[in-house]
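Input: a single structure, listed below in structure tokens.
Please treat every number below as a calculation from the coordinates, not as lab data. Only a predicted model underlies this, so the values are computations on that prediction, with no experimental measurement involved. When we count neighbours, we look across all protein chains shown, and the Cβ atoms used for this are built from the backbone with ideal geometry, even at glycine.
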Protein chains: 4
Amino acid sequence: MTKNRLEAFSDGVLAIIITIMVLELKIPHEASFEALLKLTPVFISYLLSFIYIGIYWGNHHHLLHLVHNVNSKIIWGNLSLLFFLSLIPFSTGWMGENHFSGIPVALYAVNLLLCSIGFYILQQCIMPQLVQQPKLLDALSKQKKKGILSLLAYLVAIPFAFYWPIISYLLFIGIAIVWVIPDKNIEQALKT
Amino acid sequence: MTKNRLEAFSDGVLAIIITIMVLELKIPHEASFEALLKLTPVFISYLLSFIYIGIYWGNHHHLLHLVHNVNSKIIWGNLSLLFFLSLIPFSTGWMGENHFSGIPVALYAVNLLLCSIGFYILQQCIMPQLVQQPKLLDALSKQKKKGILSLLAYLVAIPFAFYWPIISYLLFIGIAIVWVIPDKNIEQALKT
Amino acid sequence: MTKNRLEAFSDGVLAIIITIMVLELKIPHEASFEALLKLTPVFISYLLSFIYIGIYWGNHHHLLHLVHNVNSKIIWGNLSLLFFLSLIPFSTGWMGENHFSGIPVALYAVNLLLCSIGFYILQQCIMPQLVQQPKLLDALSKQKKKGILSLLAYLVAIPFAFYWPIISYLLFIGIAIVWVIPDKNIEQALKT
Amino acid sequence: MTKNRLEAFSDGVLAIIITIMVLELKIPHEASFEALLKLTPVFISYLLSFIYIGIYWGNHHHLLHLVHNVNSKIIWGNLSLLFFLSLIPFSTGWMGENHFSGIPVALYAVNLLLCSIGFYILQQCIMPQLVQQPKLLDALSKQKKKGILSLLAYLVAIPFAFYWPIISYLLFIGIAIVWVIPDKNIEQALKT
């Protein structure tokens, strides 16, 4: 019951984040192919962020499966994750509008870094509830390792953004691919 | 339980898509009939897209009834459908603002084409769960045929947009009518 | 189950409608009382529409209690109501920005008229499900009478808008008060 | 059942309020650190309001736990709270854009004051349902005392805003901290 509202609120926030990003695709005044093509970088950055929010939604969904009862720690852990995710439309739009130039790409990396820290915090808040379920605890630990690796990749992407932003961008895509291919540990641990 | 969140998230995204389109109806500064009449093409394109999102919501609703357990394939099939649908406010606004001229109408047709491909992908992701339910499988196959016919109609609408956009537009309306009149196969198959 | 998604989708759309209206309260550049006071008509029209959407949410909530199983008629009746309600932010903003001048107030009356027609249609779609429940049918009939009276008041408000818009506005407030004081017929009929 | 929709609608409105505030973080045209730094006051005011909406969401969540059956009083008490909260994005944006100058900070204090009055009204609407549950009634009374203290602090913050807005701002932060550290009375009273 309590968990339902936490999920419903998070789903609402994530649904709005994923959808308001499309408002950055400003409708051009001319009805020409050129006007459409100019939107390519904004579109590409929207696509990437859509996938990232999708990944976070999926992981959030699995993670909350592990929660027995919602306490204030979990509420604030969840809110801090949502706060960092709510900045994604801003950093996505800035990166797209400036054609993936240095500083905006670095900010995007910082934003993804903050999101992964937020997710880590939420995992930490949930962990104490699993002390007597070694299998779930084990699955969560594996997911946390994957999270720390991503976190390090985002850290690496920050300095690269200033010299070869394309490498940072490829890192973002690479980490997204790693997470899109889903982590079946939690699912399997829940079944057994 | 898992299905609930998939539905809730999709409902959230669809509700936002259907509602942010109205923001394209920019409030005119003058309080005159002329100012209102100028909004007619934007209003007509909004009405059409509202109906299309309504159709997708209804079909999505029926389709997810068939799902037993949510897996990663279904999550990503669903997200790809939502991504294509999230572009509808953009293509709707562009078509309305340019008074149904060639390129925007063609883009709208491409967008509807992508949405129907996204829906087809989601149907494919769900199909393996129905192998032992021949009646549901049969109902889904019928729905897929209807989907492929629509898909072909959108394909036809693309070249027409450049010469007689009105024909493309009539095609959009025609296909909408076909889908508004609901497909009772899945409903009936679920009952038996 | 099916009803849950109809409610969730409607709640989502209504929540967005009620909230995006506040975006019309454009943030002034100067930090002065004058800048704030200039927003008064926009604020007043926002307040009125907030109350109207609140009333529709409450009535929608009671009305859907009567539904046993969702069919396509109800889905489309509901979508037509949501469509007319989705135009409220536009007509509210136009009325507020033009300081309650004739044409925008008339359009607002037309919009409320369309919403009450949409609600009537939805009531009609639900009625056949109640044939064997005379008490609920009776409660719904009473609510429909109230709806028709409101509908007539909105009709009267249209011509008045062009000569004495203040009378139209007082009519809007009057009808809102009638509906804010809740109709307990359906609630009581459901209990017995 | 009835309560579910009240929660779902409130969650939707709160999720949208918390998310549209980020739209005030206008994407700068230049890709420079300076452009980013200029957004600092807008960012700080966004962060504070995000925390406040989070606090209201958490308290709303606990408060509705106490509700047995939803009546019209509770619906309108809830709507009045949501109305005051819906003004937060406006007052937040105005305060951020004007770098915490006097009048906008005073308006923000007024807005928080109205929200706490709205919450008090909702508490009053729910109280009659708890007459036979002394423990819950006691927990609610304690929460109300905390609310009245906050309300007084907001009152104090209004005149300060015109002379030392920084003191008002520190008051906002102080009250937020008091509420972030959660009130366990209701939770404990529900358990016993």
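Whole-Hz Karplus values for the range D:115-131 come out as 4, 5, 5, x, 5, 4, 4, 4, 4, 4, 5, 8, 3, x, 6, 10, 3 Hz, taken residue by residue from phi with 6.51 cos²θ - 1.76 cosθ + 1.60 and θ = phi - 60°; glycine and proline positions read x. Judged by the mean number of other Cβ atoms found within 10 Å, the most tightly packed of the peptides B:101-112, C:34-45 leads the ranking B:101-112, C:34-45. Among the residues of C:119-132, the average count of other protein chain beta-carbon atoms within 10 Å of the residue beta-carbon is 0. Considering all C-alpha pairs of the range A:57-143, those separated by over 16 Å amount to 57%. Among A:162-170, B:150-158, the peptide with the highest mean count of other Cβ atoms within 10 Å heads the list, and the full ranking is B:150-158, A:162-170. For the range B:2-191, the alpha-carbon radius of gyration amounts to 1.10 times the rule-of-thumb value 2.2 N^0.38 Å expected for a compact globular protein.
Reachable lysines from residue C:38, Cα under 19 Å, same-chain residues fewer than 8 places away excluded? Cross-link targets: C:26. If you build a Gaussian network model of chain A, linking Cα atoms that sit under 10 Å apart, which residue out of A:68, A:60, A:99 swings the most? Looking only at A:68, A:60, A:99, the largest GNM fluctuation is found for A:68.
Given R0 = 22 Å, the distance between the Cβ atoms of residue D:167 and residue D:99 translates into a calculated FRET efficiency of 0.85.
Mean per-residue shielding of peptide D:29-35 is 5, counting Cβ atoms of other chains within 10 Å of each Cβ.
Using only atoms on other chains, find how many Cβ atoms lie within 10 Å of each Cβ of peptide D:54-67 and report the average.
For peptide D:54-67, the averaged partner shielding equals 3.
Taking C:26, C:73, C:142 as the candidate residues, the one with maximal mean-square fluctuation in a Gaussian network model of chain C, Cα springs under 10 Å, is C:26.
Dividing the mean sequence gap of close Cα pairs (under 8 Å, 6+ apart) by how many residues chain B holds gives a relative contact order of 24 percent. Summarising the label geometry, the points placed 7 Å from Cα in the beta-carbon direction at residue C:181 and residue A:133 lie 5.3 nm from one another. Which one, D:132, D:143, D:124, has the greatest fluctuation when you compute a Gaussian network model over chain D with C-alpha springs under 10 angstrom? Sorting by GNM fluctuation, first place goes to D:132. I'd like the distance between the alpha-carbon centres of the range A:78-140 and the range C:41-119, rounded to an integer number of Å. With the range A:78-140 and the range C:41-119 each reduced to a Cα centre, they are spaced 38 Å. Spin-label model, residue C:149 to residue C:37: label points 7 Å out along the Cα-to-beta-carbon direction sit 4.0 nm apart.
For the range B:157-163, putting each phi into the Karplus relation 6.51 cos²θ - 1.76 cosθ + 1.60 with θ = phi - 60° gives couplings of 5, 5, x, 4, 4, 7, 10 Hz, in residue order, rounded to whole numbers and with x for Gly and Pro. Rounded to the nearest whole Hz, the Karplus-based 3J(HN,Hα) values (6.51 cos²θ - 1.76 cosθ + 1.60, θ = phi - 60°) of the range C:78-83 follow the sequence 5, 5, 5, 4, 4, 4, with x at glycine and proline. Charge tally around residue D:25: other residues with Cβ under 14 Å, Lys/Arg +1 each, Asp/Glu -1 each, net -2.
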